[in-house]
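**Student:** Below is the structure I would like to discuss, written out as structure tokens.
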Amino acid sequence: MEWLHRDCAALGHNLALPEPDRIDVPFEQVLEGRFILGSPDECATEVAKYQELGVEELILRCQWPGMPGEEALRALQLFGREVLPKCVA
């Protein structure tokens, strides 16, 4: 995902965006508040924060451009096996 960030910034895709949404900033700053990434426990903790706010649906994206299908399937299986059970009441 970091390469996508660099490519978009290099192409100037950020120039029309308001300052908080700019992508010509450090990659870690782009991730902040936009994605849930981490270990299964870290992801479950982050999902719980949204549940506390009343969010009932999230969009799960396990595959990114250039990512092998096997790796995406493994990520989806990991989410279903180790994250989802911690999030279901």
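**Student:** For V88 and L60, calculate 0.36 nm times their separation in residues minus their Cα-Cα distance, and state this gained length in nm to one decimal.
**Tutor:** 8.6 nm
**Student:** According to a simple spin-label model (label point 7 Å from Cα along Cα-to-Cβ), what is the distance in nm between M67 and I36?
**Tutor:** Distance between label points: 1.5 nm.
**Student:** Grab the alpha carbons of the stretch 36-89, take their convex hull, and tell me the volume per residue in Å³.
**Tutor:** 76 Å³
Computed from the coordinates by the stated procedures, all read-outs in this text should not be read as laboratory data. Model, not experiment: these values are computed from the prediction. A quick note on method: Cβ atoms are made from the backbone with ideal geometry, for glycine too, and the neighbour counts reach across all protein chains shown.
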